[in-house]
Amino acid sequence: MQKFFLVLSFFLIHASLFSQSVDLEGKIKAQEEALKEKSKGEEKDTLNTDYYKIFYLDGRIDNVDTTLNIFKDYKFNFLREDSFDLISFANSAHTFNKLAYDFKDFSKPGIGARGKHFHYFEKEDIGYYNVPTPFTEIFAKSTYEQGQILDMLVSINLNPQYNFTIAHKGYKSLGKYVNNRSRGNQFRFISNFKSKNQLSSWRFHFVSQNIFNQENGGLDPDSIYFFEQATNYFVLDEFGNQIENEDGSFEMIEYDGYLDRSRLSPMLFGEGFLYSKRFFSDFERVILNGNKERSNTLTLNYQFTHEYKKIEFSDPMNNKMFGEVLDFINDDQTVSDQNRFVEQENRLILSSNSNKLGKIHLSYSLTNWVNSFKIYENQDIGNSIFELNEDQSNISFDWKKIFKKYTFELNFNKSSKDSFKSDFISLNIKGSPIKNLSFEISSSIIEKSPNFNFKLYRSGFENYNWLNDDLQNEKISNINFKLSYKELFVLTADYNEIDNYTFFRESTNALLGETDLLRLAVVNQADNKINYYSLKLFSKVDFGKFSFVNTAKYQKKEQEVSLGNLSTLNVPEWVTRNTIMYSADVFNKSLFIQTGITFNYFTKYYADYYNPLISEFVTQNYKQIGEFPRFDFFFNAKIQQTRVFIKVEHLNSSFTGYDYYSDPFSPYRDMSVRLGLVWNFFS
């Protein structure tokens with residue numbers, strides 16, 4: 001009997017296992033079929049990044065882009081823009097010096113202080129989102145010494161008609177040099193609404209920005225010597241003379257102590273601050289609606305802008321590098337300059353969109369500015385002017401027509417008054433007459449007034465007080481050409497003629513050594529025409545998994561300089577950037593990587609220096625910078641919607657010479673390792 005049960009059990013177990021296996025196979029097949037059906041449904045309903053739209057005031061429409069390419073590497077910096085034409089200062093979130101100029105600027109006169117506006121969010125920089133699901137973007141990057149950069153954006157459509165976006169950029173960086181700390185907060189609230197019948201829409205944003213920098217004015221003359229000579233120095237005898245060896249060379253000593261940049265002394269212990277708030281509203285109403293395609297319409301817009309800026313500079317030590325302080329400032333007081341600027345604009349825009357005529361915008365705007373300066377306690381103002389209250393009205397006409405292969409665009413603006421005007425007329429033609437080959441030709445004539453700080457400035461330093469009523473308007477004529485073939489190459493050519501170029505120039509005498517110790521900037525206008533032209537070539541060539549990306553720019557400035565005047569609008573003759581990159585999918589295509597080396601170089605030129613008192617760059621013909629190579633190694637990776645960036649900046653700094661500068665008195669960055677990521681969520 002026991003044997004019978006054992007045999008029966010043996011057969012029953014096999015039968016049970018067989019039935020379970022059949023059951024399991026059936027379940028697996030059912031699951032696979034269900035997954036296939038689900039995937040088919042998802043293919044029909046899947047949302048890609050093309051559905052996540054960003055709209056701008058000038059009519060541009062972008063999509064959220066989560067790809068990884070070399071252009072994302074070029075933009076992975078504090079500005080989040082390609083900085084080919086700029087060179088950054090040693091610390092993050094400070095300022096940038098220009099390696100080239102762009103004179104296609106149609107903006108109205110502003111407060112000035114352009115050195116603090118490189119990463120300032122203008123109203124044209126604000127994007128209005130429309131997203132089918134909540135969208136989040138996180139940008140994070142390490143800084144120098146203590147701190148980090150974090151820029152986070154969250155955008156939500158509560159319904160198909162209404163979206164709001166909240167974004168905040170916060171940063172802090174101690175820096176390698178003495179008195180060079182940066183910190184700031186830039187908050188943006190953005191909202192847009194469109195009615196169900198598509199006849200009414202409203203866009204609004206509020207931006208609050210706090211930008212703070214400790215200002216050291218660059219290195220003092222002794223520290224510049226120690227910076228450049230590191231790590232070898234001449235040995236001096238008891239009389240201070242160099243000791244000569246038998247072979248005619250001078251005796252040297254090795255000392256790397258000044259590679260600790262905190263041992264180098266600054267020219268200044270000051271602080272600069274920019275605080276701003278802006279409210280912007282744009283209400284649009286469709287007056288006439290021609291057809292269902294919305295192609296023949298007439299709309300009316302009312303835009304309102306209110307922007308407040310406050311710029312401060314304080315120097316607790318009343319440093320003599322800016323000259324003498326005014327008489328009423330005694331030993332118990334410190335220089336603490338303040339400049340307040342309020343701009344308020346009301347604009348009406350009548351727009352039509354016609355199949356035959358194209359898009360036409362006719363607008364009228366009324367702008368009021370109040371620019372005021374601090375009056376110190378016990379200051380005898382006399383007949384001095386401390387405030388400008390100006391207004392200006394403008395009439396604008398914009399036309400854009402899209403044909404089959406070509407697009408024509410005309411822009412015109414006329415101001416009613418000669419002071420603080422911004423007149424311009426521009427024509428742009430672009431098209432693609434041949435497959436994969438496109439071109440763009442544009443030309444403009446601009447007449448605009450200099451910024452407010454050229455006309456009026458008040459400070460606790462005696463040399464920085466002026467009122468210029470006789471400044472002429474700048475006149476600019478330019479023509480631009482762009483030719484591109486696929487992604488293989490892009491050729492850009494620009495030619496500019498500038499009259500009455502307005503700039504700050506250094507007034508000290510370099511031959512007497514004054515420029516080493518003093519920074520005395522004055523307002524100046526070039527009394528002759530400046531011709532400025534440039535030629536830029538971009539190319540990208542792929543060989544298998546390797547890519548060669550090259551950008552080169554040749555530029556030239558022609559100006560007749562009279563005796564006693566400075567050559568201005570100085571630029572390097574050549575600027576180049578060359579990248580060798582390897583790209584590949586690894587781990588069964590779950591990870592995409594890009595790695596390579598980028599080489600940056602520009603020829604020597606008389607670079608402007610940064611003046612922290614006025615937050616402007618000042619022309620000098622005393623010291624040249626440039627001709628130092630910069631190699632950056634990068635390793636970037638993409639996992640789903642996350643992009644990780646690792647970069648070794650200026651990796652050759654220790655063996656190609658300590659002659660690298662961002663301006664004549666401020667060194668560029670030493671070798672550093674930077675880490676960061678851009679992380680997108682679609683939920």
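Is there a residue being touching a strand residue (DSSP E or B) at 6+ places or on another chain (Cβ under 6 Å), open to solvent by 40 Å² or more (accessible area, probe 1.4 Å) and not in a strand (DSSP E or B) anywhere in the stretch 569-587? Scanning the stretch 569-587 turns up no residue that is touching a strand residue (DSSP E or B) at 6+ places or on another chain (Cβ under 6 Å), open to solvent by 40 Å² or more (accessible area, probe 1.4 Å) and not in a strand (DSSP E or B).
Listed here are the residues, each with its yes/no results for (1) assigned to a loop (DSSP other than H, G, I, E, B); (2) out of contact with any Pro (no Cβ under 8 Å at 6 or more places or on another chain); (3) of a type in the set (Val, Ile, Thr).
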site	(1), (2), (3)
Asp470	yes, yes, no
Lys475	no, yes, no
Ile479	no, yes, yes
Lys482	no, yes, no
Glu497	no, yes, no
Arg505	no, yes, no
Leu511	yes, yes, no
Thr515	no, yes, yes
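Selection of the stretch 521-544 for residues being of a type outside the set (S, T, N, Q), under 23 Å from Pro612 (Cβ atoms) and open to solvent by 30 Å² or more (accessible area, probe 1.4 Å) yields Val522, Val523.
Using the structure shown, decide if Leu427 is open to solvent by 50 Å² or more (accessible area, probe 1.4 Å), of a type outside the set (Lys, Arg) and either in contact with a strand residue (DSSP E or B) (Cβ under 7 Å, 6 or more places away or on another chain) or assigned to a strand (DSSP E or B) (or both). The answer is yes for Leu427.
Can you confirm whether Ser336 is of a type in the set (Gly, Ala, Ser), in a strand (DSSP E or B) and either open to solvent by 70 Å² or more (accessible area, probe 1.4 Å) or in contact (Cβ under 8 Å) with a residue 12 or more places away in the chain (or both)? Taking the combined requirement at face value, the residue satisfies it.
Just one residue in the set Phe84, Phe89, Phe121 is of a type in the set (Phe, Trp, Tyr), touching a Lys or Arg at 6+ places or on another chain (Cβ under 8 Å), farther than 25 Å from Ile156 by Cα and modelled with pLDDT of 95 or more; that residue is Phe84. The strands (runs of 3 or more DSSP E) found entirely in the stretch 63-174 that carry 3 or more residues being open to solvent by 10 Å² or more (accessible area, probe 1.4 Å) and closer than 30 Å to Arg630 by Cα are 135-142, 147-159, 162-173.
Residue by residue, here is whether (1) over 28 Å from Lys123 (Cβ atoms); (2) touching a residue at least 60 places away in the same chain (Cβ under 8 Å); (3) open to solvent by 20 Å² or more (accessible area, probe 1.4 Å) holds:
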position	(1), (2), (3)
Ile287	no, no, yes
Pro316	yes, no, yes
Met321	yes, yes, no
Glu324	yes, yes, yes
Val342	no, no, yes
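Scanning the stretch 624-658 for residues that are without any contact (Cβ under 8 Å) to a residue 60 or more places away in the chain, in a strand (DSSP E or B) and not hydroxyl-bearing (Ser, Thr, Tyr) yields a count of 11.
Listed by first and then second residue, the pairs with beta-carbon distance under 6 Å, at least 6 apart or on different chains, first residue in the stretch 543-554 and closer than 14 Å to Val575 by Cα, second modelled with pLDDT under 95 and surrounded by 14 or more Cβ atoms within 10 Å (Cβ to Cβ), form an empty list. The one condition from (1) surrounded by fewer than 20 Cβ atoms within 10 Å (Cβ to Cβ); (2) more than 21 Å from the chain's Cα centre (by Cα); (3) in a strand (DSSP E or B); (4) of a type outside the set (D, E, K, R) that Asn621 does not meet is (3). Can you tell me which condition Val561 does not meet? The list is (1) part of a loop (DSSP other than H, G, I, E, B); (2) surrounded by 15 or more Cβ atoms within 10 Å (Cβ to Cβ), and all the others hold. Val561 satisfies all of (1) part of a loop (DSSP other than H, G, I, E, B); (2) surrounded by 15 or more Cβ atoms within 10 Å (Cβ to Cβ) except (2).
Results for (1) in contact (Cβ under 8 Å) with a residue 12 or more places away in the chain; (2) within 30 Å of Leu350 (Cβ to Cβ); (3) open to solvent by less than 60 Å² (accessible area, probe 1.4 Å), shown as yes or no for each residue.
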| position | (1), (2), (3) |
| --- | --- |
| Ile211 | yes, no, yes |
| Glu215 | yes, no, yes |
| Phe227 | yes, no, yes |
| Val235 | yes, no, yes |
| Gln242 | no, no, no |
| Ser262 | yes, no, no |
| Ser295 | yes, yes, yes |
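For the stretch 352-373, filtered to residues that are buried (at least 17 other Cβ atoms within 10 Å of the Cβ) and among the β-branched types (Val, Ile, Thr), the residue that is nearest to the chain's Cα centre (by Cα) is Thr367.
Please tell me if Phe420 is buried (at least 16 other Cβ atoms within 10 Å of the Cβ) and in a strand (DSSP E or B). Spelling it out, it is not the case that Phe420 is buried (at least 16 other Cβ atoms within 10 Å of the Cβ) and in a strand (DSSP E or B). Considering Phe439, Phe408, Phe397, the condition of being exposed (fewer than 15 other Cβ atoms within 10 Å of the Cβ) and either free of Cβ contacts under 8 Å to residues at least 12 places away in the same chain or part of a strand (DSSP E or B) (or both) is satisfied by Phe397 alone. Going through (1) more than 24 Å from the chain's Cα centre (by Cα); (2) buried (at least 19 other Cβ atoms within 10 Å of the Cβ); (3) of a type outside the set (Lys, Arg); (4) within 19 Å of Ser567 (Cα to Cα) one by one, Ser507 falls short only on (2).
The values are calculated or read from the model by the stated rules, or taken from the named source; none is laboratory data. Because the structure is a prediction, the values reported are computed rather than measured. Reconstructed Cβ throughout: ideal geometry from the backbone, glycine too, with neighbour counts over all protein chains shown. We work out accessible area using only protein heavy atoms, side chains counted, and drop any ligands, DNA or RNA first. Shrake-Rupley method; radii C 1.70, N 1.55, O 1.52, S 1.80 Å.
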